[in-house]
1. Placing +1 at every Lys and Arg Cβ and -1 at every Asp and Glu Cβ, with all other atoms neutral, what dipole size does the chain have around its Cα centre, in debye to the nearest 20?
2. Taking the alpha carbon gyration tensor of the chain, what are the square roots of 5 times its eigenvalues, largest first, to the nearest whole Å?
3. When the helices in the chain are scored as -39500 (n - 2.57) per DSSP H run of 4 or longer and the sum is shared across all residues, what 222 nm value do you end up with, to the nearest 500 deg cm²/dmol?
4. In degrees between 0 and 90, to the nearest 10, how far off the longest principal axis of the chain does helix 23-38 point, with axes built from Cα atoms?
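Each value in this text was obtained by applying a stated rule to the coordinates, not by laboratory testing. Remember, predicted model here, so these are calculated numbers, not experimental data. Here the Cβ is made from the backbone with ideal geometry for all residues, glycine too, and neighbour counts use every protein chain on show.
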Amino acid sequence: MRWDIQEAQAMSDLRDAWINDQWEGFCEFRVNHETEKLYPCQDRLHAA
């Protein structure tokens, strides 16, 4: 398998989250981040 620096760093970050028992927090962060990216005006819908 061939990885560039960014891909290797991403895998290292995932491994660190798993080893340090931060996997659940990481998954929650990713879901929230992707939701905000996909639905940037979601907070306006909830306010209405």
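1. On the way: 5 positive and 10 negative charges, 36 e Å.
The calculated dipole for the chain is roughly 180 debye.
2. Details: eigenvalues 182, 45, 5 Å².
Three semi-axes, in Å: 30, 15, 5.
3. Values: 3 runs with 37 residues, N = 48.
The helix-only estimate for the chain comes to -24000 deg cm²/dmol at 222 nm.
4. Roughly 50 degrees between the two axes.
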